[in-house]
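**Q** Before anything else, here's the structure in question.
Rule-based calculations on the coordinates, nothing more; no lab input. Keep in mind that this is a model prediction, so the values were computed, not measured.
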Amino acid sequence: MASPTCKVLCPQCRTDRILVITTRPLENGNLLRRRRCQDCGHRWYTHQSREYPLPPGAVTWSNDQPTVDPVVFSRRGPKPGGRRPGPVARGTANGAAVLTEDDVRRLRELAANGTSQKHIAATYGIAPATVSRIVNRKLWSHLP
Ligand SMILES: [Zn+2]
């Protein structure tokens, strides 16, 4: 029977006698590990993803062997800029949005104080037409 754990092997000599020297959390919640081979002394980094819950139905069992459905698995979360079914989320919940709600409030404030829409567009890295639509409440209409 296969080992239930996925063993880390030395990329140089393939031994499994590996020491973890340091473990550091990354900003995105993943882990970075510095490893050292006890046999050949090779040092390298490994990267471990943060654990996250799988959606219902993602795992099926057959002969005591779990399989993760790649289709269900891929639904585990919104991809940046990816297409998702269902209604389009508004504002910052929409992955395509460049602006935050604070940006929009500030942007409308600037426009109200007489800053040109062209200047605002350059400041926020968006099209002048977008600024116009935000100021005229065609976009971000759910914000006061
Ligand atoms: Zn080694």
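**Q** When the Kirkwood radius is taken over all Cα pairs of segment 95-135, what Stokes-Einstein diffusion coefficient follows at 10 °C and 1.306 mPa s, in µm²/s?
**A** Translational D for this selection: 159 µm²/s.
**Q** Semi-axes of the equivalent ellipsoid for segment 7-51, please: Cα gyration tensor eigenvalues, times 5, square-rooted, ordered largest first, whole Å.
**A** 22, 10, 7
**Q** Pull out the extension gain between residue 19 and residue 63, defined as 0.36 nm times the separation in residues minus the alpha carbon to alpha carbon distance; nm, one decimal.
**A** Stretched out fully, the residue 19 to residue 63 stretch lengthens by 12.5 nm.
**Q** Here's another thing I want to ask about it. If the chain between residue 112 and residue 71 were fully stretched, how many nm would it gain, using 0.36 nm times the residue separation less the Cα-Cα distance?
**A** Extra length available between residue 112 and residue 71 comes to 10.0 nm.
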